[in-house]
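Before any comments, here is the structure.
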Amino acid sequence: MIKKILISQPKPLNERNPYADMASKFGAEFDFCQLIHVEGLTAREFRMQHINPLDYTAVILNSRLGIEHYFRLCEEMRLNVPDSMHYYCISEAVGNYLQKYIQYRKRKVFFSEHNRFEDLLPAMYRRPQEKYLMVLSDIHNDEQINMFAENKITVQPAVMYRTVSTKWDEKKPFDYDMIALFTPSGVKSIRENFPNWKQDKTLFAAFGAGTAQALEEAGFRVDIRVPNTKHQSLTAALHDYLENQPAE
């Protein structure tokens, strides 16, 4: 029977959530622990990329983290971001977050209404002289950069923060019946924290094809894959599994 489950995400702030419902209904214990965390590159590390942010007239941003680390690094390098800088954001929520750092004006902030950078291409075509810098994590794929290149828009990728494994508290047992992972980085964290750990009867639930692939490449068995034809969310898949698991 599955009784103790590790969810590799922060604990929900609202006490009424799907995990709490499952804990009450099935008698399962959910432990929430982020296996990874984000660290910003130092100014010295960033300079090794030989990129001057002020050589660009526009910044492409795919997250709030990107905004935070862009302005942090500019401050550490004593660079004054000009008021003329343009910002191209993956979503309105990301665009609105810029208000923490700049005086927000619609003529300088562009965002996609559908969370697709492709939606920003018309605005970019209207500014053929724009020079673009894209803020990224060390873990990223080149899909977005390639999309811009295919549309004749040159973008300079700039890694400004990285994802690293969180050290596991040695006093805390790692004795779960099931582990739910949401990113390939979570798999890496388990391997780094427990290099000799054997999966045995522990079940792995993986959200996303990349996470499932990382588990298999690390030599682990994937027991639940989400999304699938029946479930789009991991909570729904867990509920279904707990409800239908065989009795002891």
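No lab work stands behind these numbers, since they all come straight from the coordinates. What you are looking at is a predicted structure, and each value in this text was computed from that prediction instead of being measured. Here Cβ is always computed from backbone atoms with ideal geometry, including for glycine, and neighbour counts include all displayed protein chains.
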Counting other beta carbons within 10 Å of each Cβ, put 59, 164, 187 in order, fewest first. 164, 59, 187
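Taking every eigenvalue of the Cα gyration tensor of the range 88-194, multiplying by 5 and rooting it, what semi-axes result, largest first, whole Å? Write out the running numbers ahead of the final one.
Details: eigenvalues 271, 55, 33 Å².
One finds semi-axes of 37, 17, 13 Å for the range 88-194.
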Would you mind calculating the gained length between residue 222 and residue 126 on full extension (0.36 nm times residue separation, minus the Cα-Cα distance), in nm to one decimal? 29.8 nm
Let me check I've understood the local charge: for residue 49, count other residues with C-beta under 15 angstrom from its C-beta, Lys and Arg +1, Asp and Glu -1. What total comes out? -1
Residue-by-residue Karplus 3J(HN,Hα) for the range 211-225, coefficients 6.51, -1.76, 1.60, Hz, glycine and proline x: 5, 4, 5, 4, 4, 5, 5, 7, x, 9, 9, 9, 9, 9, 10
Between 137, 63, 24, find the one with the highest GNM mean-square fluctuation for the chain; connect C-alpha pairs within less than 10 Å. 24
Cα lying deepest toward the dipole's positive end in the range 39-162, options 49, 89, 103, charges on Cβ: 103
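Which value results for Rg/Rh of the chain when Rg is the Cα radius of gyration and Rh the Kirkwood radius based on the inverse mean 1/r?
Here Rg/Rh amounts to 1.04.
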Springs between alpha-carbon pairs under 10 angstrom, Gaussian network model over the chain: which of 229, 163, 57 fluctuates most? 229
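Using R₀ = 35 Å, calculate the FRET efficiency as 1/(1 + (r/R₀)^6) where r is the Cβ-Cβ separation of residue 149 and residue 3; round to 0.05. Could you put the intermediate results ahead of the total?
On the way: r = 50 Å, r/R0 = 1.44.
The formula returns an efficiency of 0.10 here.
How high is the FRET efficiency between residue 83 and residue 171 when r is their beta carbon distance and R₀ equals 41 Å, given to the nearest 0.05? Walk me through the numbers before you get to the answer.
Numbers: r = 51 Å, r/R0 = 1.25.
Efficiency, from the Cβ-Cβ distance: 0.20.
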Counting other C-beta atoms within 10 Å, which of 168, 197 has the fewest, and how do the rest follow? 197, 168
